[in-house]
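This report refers to the structure that appears directly beneath it.
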Amino acid sequence: MRGRRTKNITENIDWLLISIYAVMVLLGWLNIYAANYTDEAGTIFDFSQNYGKQLMWIGTSAALAIVVMLLDVRFYETFAYVFYGIFVALLVAVLLIGTEIKGSQSWIVIGGISIQPAEFAKYGTALALAKYLSSISVKMEHFKTRFMSAAILLVPAALILLQPDAGSTLVYASFIFVLYREGLSGKVLVVGVAAAVLFILTLFVEREMWNIETLDLTISGEYILMGAIFILVGLVLLLFRKNASSLWRPLVLLAVVAVGYVASVNYIFNEIFEDRHRNRIYELLGIISDPSGTGYNQHQSKIAIGSGGFWGKGYLEGTQTKFNFVPEQSTDFIFCTVGEEWGFVGTSIIIVLFLGLFIRIIWIAERQRSTFARVYAYSVVCIFFFHFAINVGMTIGLAPVIGIPLPFFSYGGSSLWSFTILLFTLIKLDAERRNVLR
């Protein structure tokens with residue numbers, strides 16, 4: 001992307017997007033205060049508490065936003081791969097020298113400040129993917145393009161999975177919609193959805209569901225499921241393919257993929273996921289029920305949101321919140337604070353704000369003149385939407401508890417910084433769109 005310096009840095013800034021950001025950050029801060037409030041609590045400016053610390057993160061985020069806006073717009077495309085390389089290196093470093101907090105070795109502690117590289121890796125990935133797809137020779141119909149795009153996404157995702165941080169890893173699945181916008185076949189989306197469904201189905205199948213005692217043969221339920229799918233797809237190919245003699249190639253490929261898929265599901269689910277991750281998924285699917293153990297957080301969250309009713313109990317009046325019934329309420333479960341104290345009305349307002357954010361970013365994406373800016377914009381909206389959907393879903397029992405923050409609401413410096421940089425880089429690119437040569 002080529003551009004020239006504008007005469008007035010504030011001339012083409014999207015103030016509506018900045019306003020939505022400011023309102024969300026302010027509401028997030030107020031709800032963090034509510035989540036930590038007790039009768040003995042000090043003022044909202046007590047910097048020894050999470051809400052006071054969050055105010056400092058907000059101040060530094062504002063400074064970062066200003067820096068992002070002051071930098072030349074060409075900086076982001078020029079150094080896209082550099083950012084990506086730095087954040088990938090940090091992900092490797094965190095596996096070697098990182099500090100384990102709450103079961104995941106995801107943090108680097110510097111001078112008493114904990115930094116989570118996985119949050120910033122999303123930004124580097126968005127820049128790198130935009131840089132690659134905006135190259136002149138790149139065409140989505142080429143296998144090399146699809147392979148390189150997948151590699152850009154899978155490298156940081158794999159490193160984050162090793163921490164293990166399942167929530168941040170799953171965010172990278174949202175980038176498939178960016179690739180779809182840039183010309184990826186819809187068949188890939190269908191395959192992705194089918195793979196997710198099959199993953200869930202394997203969890204319902206007993207590992208030793210069929211035992212033929214006379215032959216002393218035990219067959220894993222997952223492989224029975226795989227065989228059934230293999231036969232079904234083979235029949236479909238046979239029905240719709242004119243030359244039946246050439247079926248052997250797709251059938252062999254299907255067999256290899258099926259075996260590899262089942263093996264990878266078994267390995268990831270049983271070897272990489274910890275017991276808490278597996279139990280949370282089982283709890284969501286109804287395979288197990290443990291409201292006083294694995295399902296405690298989600299169970300208490302639903303109680304808190306339900307108790308808010310239509311209008312809510314009032315600000316700082318949430319009993320579930322005040323008496324700490326919901327763990328991690330200022331981070332992963334901040335949405336249940338909104339539900340209890342602001343009720344259905346408050347949660348609806350938050351959802352509308354997020355929908356407004358998504359729609360505005362998509363609108364901005366479609367008016368860009370450069371491929372780099374458009375791809376980056378879609379990457380931003382996919383990241384935000386995934387965080388929003390999963391976080392809200394897990395507080396109301398529609399998604400597993402995987403520890404993923406609600407953008408601009410959850411407590412935490414790393415997440416607020418990364419979300420701020422993501423958004424304001426987009427605002428900067430959009431402000432310079434008229435100076436881009438078509």
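The values are calculated or read from the model by the stated rules, or taken from the named source; none is laboratory data. Quick caveat, the model's predicted, so the values are computed rather than measured. All Cβ positions, even for glycine, are placed from backbone atoms using ideal geometry, and neighbour counts span all protein chains on display. We work out accessible area using only protein heavy atoms, side chains counted, and drop any ligands, DNA or RNA first. Shrake-Rupley method; radii C 1.70, N 1.55, O 1.52, S 1.80 Å.
For the stretch 74-125, what class follows from the C-alpha gyration tensor (a ≥ b ≥ c being the square roots of its eigenvalues): rounded when a/c is under 1.5, otherwise prolate if a/b is larger than b/c, else oblate?
prolate
Determine ³J(HN,Hα), in whole Hz, for all residues of the stretch 92-109 in sequence, where each value follows from phi through the Karplus function 6.51 cos²θ - 1.76 cosθ + 1.60 and θ = phi - 60°; x replaces Gly and Pro.
Coupling constants for the stretch 92-109: 5, 4, 5, 6, 9, 10, x, 9, 7, 10, 6, x, 10, 8, 10, 10, 10, 9 Hz.
Can you give me the distance in nm between label points at PHE147 and LEU162, each placed 7 Å from the Cα along the Cα-to-Cβ direction?
2.2
If packing is taken as the mean number of other Cβ atoms within 10 Å per residue, what is the order of 376-383, 40-47, highest first?
Ranking the peptides 376-383, 40-47 by packing returns 376-383, 40-47.
Calculate one ³J(HN,Hα) per residue across the stretch 392-401 by plugging θ = phi - 60° into the Karplus curve 6.51 cos²θ - 1.76 cosθ + 1.60, and present them in order as whole Hz with x for glycine and proline.
Values, residue by residue: 5, x, 6, 6, 10, x, 9, 8, x, 7 Hz.
Carbon and sulfur together cover what percent of the accessible area of the stretch 376-438 at a 1.4 Å probe radius?
Exposed carbon and sulfur together represent 66 percent of the surface.
Place a +1 charge on the Cβ of each Lys and Arg in the stretch 24-180 and a -1 charge on the Cβ of each Asp and Glu, then give the dipole magnitude about the Cα centre in debye, rounded to the nearest 20.
660
So how do 51-59, 103-111 stack up, highest first, on mean other-Cβ count within 10 Å?
Ranking, from highest mean packing down: 51-59, 103-111.
Could you size up the charge dipole of the stretch 13-81 around its Cα centre, putting +1 on the beta carbon of Lys and Arg and -1 on that of Asp and Glu, and report it in debye to the nearest 20?
The calculated dipole for the stretch 13-81 is roughly 140 debye.
Kindly identify the stretch 46-180 as rounded, prolate or oblate by the Cα gyration tensor criterion: order the square roots of the eigenvalues as a ≥ b ≥ c, call it rounded if a/c is under 1.5, otherwise compare a/b with b/c, prolate if a/b is larger, else oblate.
Note, shape of the stretch 46-180 comes out oblate.
Send over a whole-number figure in Å² for the accessible area per residue of the stretch 297-417, probe 1.4 Å.
Averaged over the residues of the stretch 297-417, the accessible area is 35 Å².
In the stretch 291-372, if the dipole is taken from +1 on Lys/Arg beta carbons and -1 on Asp/Glu beta carbons about the Cα centre, which of TRP342, ILE361, PRO327 is farthest to the positive end?
ILE361
For the peptides 189-195, 343-349, 171-177, what is the packing order when you average, over each peptide's residues, the other Cβ atoms within 10 Å and list the highest mean first?
171-177, 343-349, 189-195
Take every Cα pair under 8 Å in the stretch 289-364 that's 6+ residues apart, average their separations, divide by the length, and report that relative contact order as a whole percent.
In percent, rounded to a whole number, it is 33.
Specify which residue in the list MET56, SER106, ALA41 is farthest towards the positive end of the charge dipole of the stretch 27-142, using unit charges on the beta carbon of Lys, Arg (+1) and Asp, Glu (-1), about the Cα centre.
My answer, from the dipole projection, is SER106.
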